[in-house]
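Down below is the structure, laid out as structure tokens.
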2 protein chains.
Amino acid sequence: MPRALRLLRWLPASDWLARYSKDDATGDAIAALIVTLLLVPQGLAYALLAGMPPETGLYASMLPLIVYGLFGTSRALSVGPAALTSLITASAAGAIAAGDPERFLHAAIGMALLSGLILVVMAALRMGWLTNLLSHPVILGFVSGCAIVIAASQLRHLLGIDAHGENLIQLGFNLFSHLNETHWLTVAIATLAIICLVLPKKLAGALKRASLPHWLAAFLSKSGPVLAMLVTTVLCLLLQLDQQGLAVVGTIPGGLPQPALPRLSQDEWQQVLMPALLLALIGFVESISLAQALAAKRRERINANRELLGLGLANMASGVSGSFAVTGSFSRTTVSFDAGARTPMTGLLAGLAMGGVALWFTGGFTHVPQATLAAIIVMSVISLIEWRELKHLWEFSRPDCLAMAATLAGVLLINVQTGLLIGVVLSLGLFLWRTSQPHVAEVGLVPGTHHFRNIDRHDVERQAHLLSIRVDESLWFGNARSLEDLLYDRTMARPEVRHLVLMCSAINHLDASAVESLQSLNARLDAAGVQLHLSEVKGPVMDLLKKTGLESELSGQIFLSHYLAVEALG
Amino acid sequence: MPRALRLLRWLPASDWLARYSKDDATGDAIAALIVTLLLVPQGLAYALLAGMPPETGLYASMLPLIVYGLFGTSRALSVGPAALTSLITASAAGAIAAGDPERFLHAAIGMALLSGLILVVMAALRMGWLTNLLSHPVILGFVSGCAIVIAASQLRHLLGIDAHGENLIQLGFNLFSHLNETHWLTVAIATLAIICLVLPKKLAGALKRASLPHWLAAFLSKSGPVLAMLVTTVLCLLLQLDQQGLAVVGTIPGGLPQPALPRLSQDEWQQVLMPALLLALIGFVESISLAQALAAKRRERINANRELLGLGLANMASGVSGSFAVTGSFSRTTVSFDAGARTPMTGLLAGLAMGGVALWFTGGFTHVPQATLAAIIVMSVISLIEWRELKHLWEFSRPDCLAMAATLAGVLLINVQTGLLIGVVLSLGLFLWRTSQPHVAEVGLVPGTHHFRNIDRHDVERQAHLLSIRVDESLWFGNARSLEDLLYDRTMARPEVRHLVLMCSAINHLDASAVESLQSLNARLDAAGVQLHLSEVKGPVMDLLKKTGLESELSGQIFLSHYLAVEALG
């Protein structure tokens, strides 16, 4: 096989292109059309959220979609501009730019490029597991916090005033001090846009009951953004509202993006590194969760490393197009899936269609009110706020609730990056804390059986000179020394005890510190005239006891089952 | 009871003072005498190692011993100057002082004071568990590395040249470039001192066999430092070697220390904070391990929080006396224990005796050669180097070996603080990594029994439409998502499978991310026409499944035992 063809086979696209059928083409074309209709208002809105020129929202919806279509493995995922990544871009680039719009633009482009590079490197090093550091409550807290900050940051466009800030305190203060400048025409247009956005959702039930094709019902119920944009833009044009102080998108340069690299100093590249890492991780987590949820519905597989590569190249494509970071979008992906997208061709086609929009239709967006775009953003993010989850976590897992609350508070009160960092460090710390405080139970024999149960929970038999203890955790350096003391103290508290039998059924691992602590416990108990025995030791743990010589050092014996131990020592 | 007396009862000393007997007094007095004899050369040597004036070595051996005697709970621990804490002091104060001896002195005193305060605060907050962050291999690597750096740093005193540095690279380079300046008289005195130090140890066997009292044999076998000091000092005095270029201790100001606080700027206090934390943690770990080892021999108890308080106050006392940080000393403690120390009165008496030495005998130390003190340090630390342990760890636990090697390398090649930090972060990271990569086994029925075992290790029966999998780890956010994928992929790999039964006998906990992943796995499998069942779920995990509603959501059932599950679905 020629070398070029062999390389081509490595493209995930070769899998589905080889078996592409007419049915596939029909499904993909309809889905692409609907996705494009959604992409136009969303692209403009997320560019506004990211603090970028409106045309970059269109650019982020072209090449990245085409590249992901060729390299990604998910058949339905709609990559492109999204709320979270746009917010992170706005916050991080704002901190670097310090008011200079030119620096802002180049920092945002640099972040997209670098986050793409990070994802590609992660794919090469198979580092998809890094996203495991983000626990579910931390992600919930982060997303909820971001949604609130996003909604708050858009209030200025809904009210027609000027109020910036990277957290709720700054935003709240600035909004409040400019509240008397509220532009009521803008508020009216925003209200109209919100009604257009809410109406199709409210009618979703009726649409489903109507005898429409499934994809059409799905599109109509999500057609709010298109409707809002059409209604308010036509109104603005007819009544020339932009001349009465209504902020509009303004003239967008037509044509395709010119490939270029951002102009950043070495120092600025370094500043861009951490936000780029954050964009890479968050973008990937959002994208892969979505892709997996959809793949399961069709019993397909998602290859995490291929996804890293696909999303990474899409971000690099966005950067080269002079635009901001992209990821899988929840709203567009579900619409695309419901509209019957069958292969990544949907994304390819939507990307090409967006190219057409940029070439010939940019004139149509001049009079789109910014208030409409802000309303689209606000309505799409408020569904991400998960207050109930916080209450739910409070009920069944206080540490998880704490991690979520701390992340949320960090995002709301400091900024998005710090909030996430607090969440990750706190959740890891709480995990370490929990495994360092294992559940320890004295056990006794359930009469008439060979089973041993917690003496505090069950009516069981025990012997005066024999102490049976079960530890419900692997032993490692975080708990070894405190367990050593606890076991020693419990034994010393009962002077008549001559044998301590440690039931090891829940111990999956031992590390060197645990071995050292067991040796020390053995010696301390031996000095006090008490023998240490082990029971129900698992295979890998037994191997380790033999290798370290602890097996032969032990003052007592190792029993296959706890019942055998109690029988032999009784 | 009067209030003052009630406060007194809180002193641990009140316990043993109330029952103090004549026998106690005899044992304590003899032990105190021997400890004092050892304290003099060690105090001077560790002051040299810490880079402090010789008298501070005496000061660190007075008030801290008395304070620990009143507040500590260990009956045999000899608190005072020690090798590790002196090295940390030298390294950290050197970095802050940048060549200014006055700043060095005050930084070292500030560290002692602050580390004492940190320990007292830790005692008040019951934070003794913090030391659990130091795994056994990290401590071994740290101690071995420090021992090598200490020995290397003393070579300059043995050779009579000038060569400083905070790691092996700097020390090696400086030693090598000054090697031609070697002062051969100093080398000869150092060799003589080393012979005096080694001889009593070599004769320990013979001393034991001689019909001497146990305590005398113990003292004689450890009398090397006293012997080396006597022999070389007398030689120096008789031959006036100090006039031939032999470096000696020089004039020591007599009298007791004047209580004072260090003069540090706010900026310097901040710089002192991290080394003080390090001194607190390391000092406490060293001290408590020693105290516990001895307490076990007499079936006594050590109260970790009281120990924190005792050691903290001892360090504050050292700081107020104008001296450096202290901790439990291994060599003096074993001598004191063997000499029959019965109560903390030993420490109290030794502290008072050192006061007498400082008042009336400082003139005797003027001609002690520095080479002798350096030889005492080198000979006492080389036994701490644990090469064998590194090889041992390599055989039974690669992650532990890696943690030890990295700590060792960090201490040798960078500095002590960085080395420890590398070790702590790496060992926590490796622990997280391991629990995020759990052992997962497909299990089958051992014919004729109700037991299930790994299909790869045992000859077992399994059914085509039923997949039985055991996970040997608690589920948490670090492994939940990858396990979800692994379980899904394994099920999808066998299209004939209709039931996945997860055997939960080794699952001690679930966190919110694990619940989320189980829900997601349940939904993904359900979409693919496979039922998810659980078996052998532990009590606390079962409670959680009920609270989160996962129990009712599950497409399959929850079985009491795996056998019942296979029977019901078979």
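The values are calculated or read from the model by the stated rules, or taken from the named source; none is laboratory data. Keep in mind that what you see is a predicted model, and the values were worked out from it rather than measured. Neighbour counts run over all protein chains shown; Cβ positions are idealised from the backbone, glycine included.
Restrict the check to segment B:364-371 and report whether at least one residue is in the same structural domain as B:L84 (by TED's automatic domain parsing), under 21 Å from B:L199 (Cα atoms) and part of a helix (DSSP H, G or I). Looking through segment B:364-371, at least one residue is in the same structural domain as B:L84 (by TED's automatic domain parsing), under 21 Å from B:L199 (Cα atoms) and part of a helix (DSSP H, G or I).
Filtered by the rule that a residue be within 35 Å of the chain's Cα centre (by Cα), in a loop (DSSP other than H, G, I, E, B) and either of a type in the set (G, A, S) or at pLDDT 90 or above (or both), segment B:228-256 gives B:A247, B:G250, B:G254, B:G255. The requirement of being touching a strand residue (DSSP E or B) at 6+ places or on another chain (Cβ under 7 Å) and farther than 17 Å from A:A60 by Cβ is not satisfied by A:L294. Condition check: surrounded by fewer than 22 Cβ atoms within 10 Å (Cβ to Cβ) and not in a helix (DSSP H, G or I). Does B:G99 satisfy that? Here the answer is yes, as B:G99 does meet what is asked. Tell me whether segment A:182-198 contains one or more residues that are under 20 Å from A:G419 (Cβ atoms), more than 14 Å from chain B (Cβ to nearest Cβ) and outside any helix (DSSP H, G or I). Within segment A:182-198, not a single residue is under 20 Å from A:G419 (Cβ atoms), more than 14 Å from chain B (Cβ to nearest Cβ) and outside any helix (DSSP H, G or I). If you go through segment B:14-71, how many residues are surrounded by 24 or more Cβ atoms within 10 Å (Cβ to Cβ) and either outside the structural domain of B:S86 (by TED's automatic domain parsing) or assigned to a loop (DSSP other than H, G, I, E, B) (or both)? Total meeting the criteria: 4.
Consider A:L428 carefully, then state whether it is of a type in the set (A, V, I, L, M, F, W, C), within 8 Å of another protein chain (Cβ to nearest Cβ), surrounded by fewer than 23 Cβ atoms within 10 Å (Cβ to Cβ) and more than 20 Å from the chain's Cα centre (by Cα). For A:L428, the condition - of a type in the set (A, V, I, L, M, F, W, C), within 8 Å of another protein chain (Cβ to nearest Cβ), surrounded by fewer than 23 Cβ atoms within 10 Å (Cβ to Cβ) and more than 20 Å from the chain's Cα centre (by Cα) - is not met. Scanning segment B:303-314 for residues that are farther than 16 Å from B:D28 by Cα and in a loop (DSSP other than H, G, I, E, B) turns up at least one hit. Applying the selection to segment B:71-112, what residues are at pLDDT below 90 and closer than 10 Å to B:G347 by Cα? Once the filter is applied, which keeps residues that are at pLDDT below 90 and closer than 10 Å to B:G347 by Cα, segment B:71-112 yields B:R75, B:A76, B:L77, B:S78. Taking segment A:464-502 as the range and being of a type outside the set (F, W, Y) and under 20 Å from A:K547 (Cα atoms) as the test, the residues that pass are A:S474, A:L475, A:A480, A:L502.
For B:S91, are the conditions met, namely being of a type in the set (G, A, S) and more than 29 Å from B:S221 (Cβ to Cβ)? The answer is yes for B:S91. Return the residues of segment B:385-405 that are assigned to a helix (DSSP H, G or I) and away from chain A (no Cβ under 14 Å); say none if nothing qualifies. Passing the criteria: only B:W387. Picking from residues in segment A:554-570 that are within 14 Å of chain B (Cβ to nearest Cβ) and without any contact (Cβ under 8 Å) to a residue 40 or more places away in the chain, the one that is surrounded by the most Cβ atoms within 10 Å (Cβ to Cβ) is A:S555. Would you please name the residue that is nearest to the other protein chains (Cβ to nearest Cβ), looking only at residues in segment A:436-460 that are part of a strand (DSSP E or B) and touching a residue at least 12 places away in the same chain (Cβ under 8 Å)? Within segment A:436-460, the match that is nearest to the other protein chains (Cβ to nearest Cβ) is A:N454. Regarding segment A:306-320, can at least one residue be identified that is hydroxyl-bearing (S, T, Y) and either free of Cβ contacts under 8 Å to residues at least 24 places away in the same chain or touching a strand residue (DSSP E or B) at 6+ places or on another chain (Cβ under 7 Å) (or both)? The answer is no, given that none of the residues of segment A:306-320 is hydroxyl-bearing (S, T, Y) and either free of Cβ contacts under 8 Å to residues at least 24 places away in the same chain or touching a strand residue (DSSP E or B) at 6+ places or on another chain (Cβ under 7 Å) (or both).
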